[in-house]
Amino acid sequence: MKKIRIGQAGLGRLGKTHAANLAFRVPGAELCAVCSPVAAEIEFAVNELGVEKSYTDFAQMCADPELDAIVIVTPSTEHPEHIRMAMEAGKHVFCEKPLAVTVEECRQVERIVEANPHLVFMLGFMRRYDPSYAYAKRKIEEGAIGTPYLVKAVGVDPDCDAESLLDSGFVPRSGGLFIDMASHDIDLMRWFIGSEVTSVAALGTVVKHMRFAEQGDVETAIAQFTFENGSLGQLHIGRASVSGYDVETEIIGTEGSLRVSPIPAKNRTTILNSAGAVDEWVRNFPERFGQAYIDEMIEFIDCINTGRAPGVNVYDGTNASIVAFAGTRALKTGEIVKIDY
Ligand SMILES: NC(=O)c1ccc[n+]([C@@H]2O[C@H](COP(=O)([O-])OP(=O)(O)OC[C@H]3O[C@@H](n4cnc5c(N)ncnc54)[C@H](O)[C@@H]3O)[C@@H](O)[C@H]2O)c1
């Protein structure tokens, strides 16, 4: 089967991982072009990945007739416009989460995707492709815990990365802690519970890296969710986990419960030394979700080849975003925010 020829925009924190996967680890994909306004990022792709074509202008890359698909890993504020340009140029699109940083823009993206049913659109909620989360989902579908009715989730970035996030200008362009981080957990909750969120209550604070407040965000937040089918959700998100990248999820059902990474250990080795029994933790998202980033791209390529719909669609992007925006509003107002889809 002919390889799917891909152009990727954005070669930052996550973009480098996606580009390396597309160049070397995703069967059926060929990374033919990259786009970035930063010369050093282009040099990385040309020298380290052997990419032949490079662009500094996204529109020009979309106009390249040799490309079948565009992978978008640009700042979240750019996603709607980049999706529009790529799809109007007739390209299949994989876009990183979040879909957009306003509800209006999410709806606009829905219209663009609906107007191009012959093109594949997939959003990067890669946790659904993580082997452990995918296994948990299968077990729930098999009835292992009865009917799930409560999800308790933790998603906290490593403390050692906080200052570079603040220095790089990422925070003001991220859409805020809820849209940037909680959208992953919200998507997982909707997926496991099989129902939509109806209300959100949230609290937030900054205690360690005060610049999060200066840049209009919080460092840590907690939130509670109700679902249409009566289920509940509880979430702790943040930017300052000193032990590593802390992503844990517990799903409680009528006949039992499931825990995914109750300790986000690096592997199954426990080191016994003067510190006691030490389970080292995963360091960051490329380490924790390395296989998921590959598997979601395998899904994207397969959907293009077979015409099948991807497991994560534009409406998952909108609905998770709507809940995340409600979380931001709940945080700012102190009110329980009811959600109207
Ligand atoms: N799924 C995940 O686990 C995950 C993890 C991290 C980031 N993300 C998402 O990926 C996206 C990028 O995040 P990041 O952390 O890599 O950000 P980043 O700031 O490190 O990188 C952004 C990249 O976009 C490039 N860029 C900016 N404007 C551009 C334009 N107009 N055309 C082409 N390239 C442009 C920059 O040069 C840079 O290479 C965000 O939407 C973020 O939410 C997802």
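What the table shows:
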| item | result |
| --- | --- |
| Segment 133-157 residues that are of a type in the set (K, R), paired with ones that are surrounded by 13 or more Cβ atoms within 10 Å (Cβ to Cβ) and in a strand (DSSP E or B) (beta carbon under 6 Å, 6 or more apart) | K152/Q234; K152/E250 |
| Selection count, segment 9-27, where residues are more than 9 Å from the ligand (Cβ to nearest atom) and under 19 Å from the mean Cα position of the chain (by Cα) | 5 |
| Matching residues in segment 160-177 - criterion: being away from the ligand (no atom under 12 Å from the Cβ) and either small (G, A, S) or buried (at least 18 other Cβ atoms within 10 Å of the Cβ) (or both) | A162, L166 |
| Hits in segment 45-71 - residues which are open to solvent by less than 50 Å² (accessible area, probe 1.4 Å) and in a helix (DSSP H, G or I) | A45, L49, F58, A59, M61, C62 |
| All positions within segment 178-193 that are among the β-branched types (V, I, T) and more than 10 Å from the ligand (Cβ to nearest atom) | I186, I193 |
| Selection within segment 14-30 - in contact with a Phe, Trp or Tyr (Cβ under 9 Å, 6 or more places away or on another chain) and either of a type in the set (D, E) or under 16 Å from E78 (Cα atoms) (or both) | L14 |
| Residue satisfying all of: in segment 29-42; of a type outside the set (D, E, K, R) and touching a Lys or Arg at 6+ places or on another chain (Cβ under 6 Å); least open to solvent (accessible area, probe 1.4 Å) among these | A33 |
| Test set (1) without any contact (Cβ under 8 Å) to a residue 40 or more places away in the chain; (2) open to solvent by 40 Å² or more (accessible area, probe 1.4 Å); (3) among the polar types (S, T, N, Q) - T102 fails condition number | (1) |
| Flag for V156 being modelled with pLDDT of 95 or more, surrounded by 16 or more Cβ atoms within 10 Å (Cβ to Cβ) and not assigned by TED's automatic domain parsing to the domain that holds A324 | no |
| Some residue of segment 221-233 being under 21 Å from the mean Cα position of the chain (by Cα) and without any contact (Cβ under 8 Å) to a residue 24 or more places away in the chain | yes |
| Whichever residue in segment 84-98 is of a type outside the set (G, A, S) and in contact with a Phe, Trp or Tyr (Cβ under 9 Å, 6 or more places away or on another chain) and, among such residues, is nearest to the ligand (Cβ to nearest atom) | K97 |
| Elements of type strands (runs of 3 or more DSSP E) contained in segment 216-256, each with 2 or more residues being open to solvent by 50 Å² or more (accessible area, probe 1.4 Å) and not aromatic (F, W, Y) | 220-227, 232-241 |
| Residue among D64, D68 that alone is touching a His at 6+ places or on another chain (Cβ under 7 Å) and farther than 13 Å from A19 by Cα | D68 |
| Residue match in segment 303-311 (condition: part of a strand (DSSP E or B), more than 29 Å from Y341 (Cα to Cα) and touching a residue at least 60 places away in the same chain (Cβ under 8 Å)) | no |
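The values are calculated or read from the model by the stated rules, or taken from the named source; none is laboratory data. Remember, predicted model here, so these are calculated numbers, not experimental data. Please note: Cβ atoms are built from the backbone with ideal geometry, for glycine as well, and neighbour counts cover all protein chains shown. The protein model used for the area step is the full one, side chains on, heavy atoms only, and it has no ligands, DNA or RNA in it. Shrake-Rupley method; radii C 1.70, N 1.55, O 1.52, S 1.80 Å.
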